[in-house]
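*Asks:* The structure that follows is given in the form of structure tokens.
The values are calculated or read from the model by the stated rules, or taken from the named source; none is laboratory data. Only a predicted model underlies this, so the values are computations on that prediction, with no experimental measurement involved. We place every Cβ from the backbone using ideal geometry, glycine too, and count neighbours over all the protein chains shown.
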Amino acid sequence: MLVKLATLAEPPGGRYTPDTEDAMVSSGATSFEERVGHVLLDAEFVTDEQLAKAREQGGEGLLDTLVSLGIVARETLMTVLSFQLRIPVVDLKSVQVDPEAVSLVPEDLAREHNILPVSFETDGSLRIATMVPNDFQLSSRLSSVTGRQTKFALALSGGLNEMIDQTYAVGLPSPPPQAATTAGDGDTSVAISPAEERPQAAISAMGQDMSQLPAVQAVELVTLQAIKRKASDIHIVPTADSAKVLFRLDGVLQEQVMLPLRLHESMVSRIKVLAEMDISETRRPQDGSFTLGFGEKNVDFRVSTIGITWGEMMGIRILDRSGGILSLEDI
């Protein structure tokens, strides 16, 4: 019985992917739950009569109905989903929602797709509760919006809509208190929080505190500064407890800013999304490219990544074609 489930659950490579034809082929929540219901039926966890009875109840969804009627134990359902079908599960009755995770997903997007960001994984990816954990098109869209890899988990215990209402009704977290300090020599005052959260260099060359910026804004700021300073390359290099952003100026690498590792991971994911690279691959080298508009001109970027001890190192070559050929006097 369990061998049959495992065969369904383990596609080539051992991962649940869009190419898994035997698993969860529909993008709708109802079809998804029906598919799981048939898996439970084939494995003899439920009978035809019990499945029909659960369907008649409606309301909270087929899987939650099976549990509430006592037909399938919650532990059994979670085991089948998590270990046999390789589908992560989040229990809405016990989950602790991380406000920082919620802040990355706009409320209208969460309501439109009935999703709730709940936490961060150890690799920096965003865990999202949903009723349709096989919606890979939505996963790609969320990665683009948040700048992070997204991982879906099937929401159990019902009430996902209600929890979305409650979570976003509370409001997004406000930034922690900041102590103002002057950079010196008449520079504008900037805000710096404790060193373990905001490396002081996070404001040095960029003119503002980057440590709390969303990945999308941080990438825009770094690329814009690189263009303004006529850098030929951007290097993003992780270390044991932070990450460095360096510009190659006149052939020499110069450190511009230090960032928290959390922001480094988000920025790398964001750039990989722009460059159409695989955000789930962090060990093997990758190459890609993208174009950004700055005012009336477009600038091309070539991206290369490679895994090192502390994470992924990224090199970005800037190809600003608007400058044309320099005259001898300009040189």
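*Asks:* Kindly check whether there is at least one residue in segment 52-63 that is under 30 Å from ILE279 (Cβ atoms), in contact (Cβ under 8 Å) with a residue 40 or more places away in the chain and part of a helix (DSSP H, G or I).
*Replies:* yes
*Asks:* Which residues, counting only those in segment 99-117, are surrounded by fewer than 18 Cβ atoms within 10 Å (Cβ to Cβ) and in contact with a Pro (Cβ under 8 Å, 6 or more places away or on another chain)?
*Replies:* Scanning segment 99-117 gives PRO99, GLU100, SER103.
*Asks:* What about LEU92, is it under 23 Å from LEU63 (Cα atoms), touching a Gly at 6+ places or on another chain (Cβ under 7 Å) and surrounded by 18 or more Cβ atoms within 10 Å (Cβ to Cβ)?
*Replies:* Against the criterion (under 23 Å from LEU63 (Cα atoms), touching a Gly at 6+ places or on another chain (Cβ under 7 Å) and surrounded by 18 or more Cβ atoms within 10 Å (Cβ to Cβ)), LEU92 qualifies.
*Asks:* Hey, which of the strands (runs of 3 or more DSSP E) in segment 84-146, taking only ones fully inside, have at least 1 residues that are under 22 Å from SER269 (Cα atoms), of a type in the set (D, E, K, R) and outside the structural domain of SER266 (by TED's automatic domain parsing)?
*Replies:* Counting at least 1 such residues, we get 126-130.
For (1) acidic (Asp, Glu); (2) at pLDDT below 90; (3) farther than 27 Å from GLN149 by Cα, each residue gets a yes or a no:
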site	(1), (2), (3)
HIS235	no, no, no
ASP250	yes, yes, yes
GLN256	no, yes, no
HIS264	no, yes, no
VAL268	no, no, no
LYS272	no, no, no
ARG302	no, no, no
ILE331	no, yes, yes
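*Asks:* Moving to a separate point now. Tell me, yes or no, whether segment 274-286 has at least one residue that is touching a helix residue (DSSP H, G or I) at 6+ places or on another chain (Cβ under 6 Å), of a type outside the set (Ser, Thr, Tyr), at pLDDT below 90 and over 17 Å from SER125 (Cα atoms).
*Replies:* no
*Asks:* Select from segment 279-295 the residues that are within 17 Å of GLU220 (Cα to Cα) and among the small types (Gly, Ala, Ser) and write down the one among them that is surrounded by the most Cβ atoms within 10 Å (Cβ to Cβ).
*Replies:* Out of the qualifying residues, it is SER289.
*Asks:* I want to confirm something. Restricting to segment 35-50 and keeping residues that are surrounded by fewer than 20 Cβ atoms within 10 Å (Cβ to Cβ) and not in a loop (DSSP other than H, G, I, E, B), which single residue is modelled with the lowest pLDDT?
*Replies:* Restricting to residues being surrounded by fewer than 20 Cβ atoms within 10 Å (Cβ to Cβ) and not in a loop (DSSP other than H, G, I, E, B), the top hit is ARG35.
*Asks:* Determine whether segment 206-219 contains at least one residue that is surrounded by 14 or more Cβ atoms within 10 Å (Cβ to Cβ), of a type outside the set (Val, Ile, Thr) and at pLDDT 90 or above.
*Replies:* No, every residue in segment 206-219 fails to be surrounded by 14 or more Cβ atoms within 10 Å (Cβ to Cβ), of a type outside the set (Val, Ile, Thr) and at pLDDT 90 or above.
*Asks:* For segment 242-278, how many residues are in a loop (DSSP other than H, G, I, E, B) and either buried (at least 24 other Cβ atoms within 10 Å of the Cβ) or without any contact (Cβ under 8 Å) to a residue 40 or more places away in the chain (or both)?
*Replies:* Residues meeting the conditions: 6.
*Asks:* Please enumerate the residues belonging to segment 79-89 that are surrounded by 17 or more Cβ atoms within 10 Å (Cβ to Cβ) and more than 17 Å from LEU160 (Cα to Cα).
*Replies:* VAL80, LEU81, GLN84, LEU85, ARG86, ILE87
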